1. Quick one: which residues, 5+ away or cross-chain, put their amide H under 5 Å from the amide H of Ile73? H built at 1.01 Å from N.
2. If you plug each phi of segment 40-57 into the Karplus form 6.51 cos²θ - 1.76 cosθ + 1.60 with θ = phi - 60°, what whole-Hz ³J(HN,Hα) values come out, in order, with x for Gly and Pro?
3. Out of residues 5 or more away from Glu56 or on other chains, whose amide H comes under 5 Å of its own, with H placed 1.01 Å from N in the peptide plane?
4. Could you give the length gained by full extension between Thr44 and Leu65, i.e. 0.36 nm per residue of separation minus their alpha carbon distance, to one decimal place?
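Only the coordinates and a few stated rules stand behind these numbers; no lab work does. Since the structure is predicted, the reported quantities are computational estimates derived from the model, not experimental observations.
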Amino acid sequence: MLVKLTVRWCSSRRDRCSVLLQAGQEAVYQYFKEIAQHVSVDVTLYNIPLFASPIEVGTVRRLALDCPRVVGIKIVPVISHT
């Protein structure tokens, strides 16, 4: 369901869509792979570990190799204020 909503949103907006996902690495991989296969825009991964499941290097590598639509990643570091 989330994949269908994301694809619909990307198709109608044609520019960007953000989704925060709490899941294991295989689920993160499958989610972004499914998105990349069904949208007509490029996909940039946002790695925001404070709010969503971190995307591990191996998962990013798999997505980059398997999904031509995945074109980049933005990494938001966790900053400690202590």
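1. The answer is Leu45.
2. My calculation for segment 40-57 gives 9, 10, 6, 10, 10, 7, 10, 9, 10, x, 5, 10, 9, 4, x, 9, 6, 3 Hz in order.
3. none
4. Working: separation 21, 0.36 × 21 = 7.56 nm, distance 1.40 nm.
Once the chain is fully extended between Thr44 and Leu65, it gains 6.2 nm.
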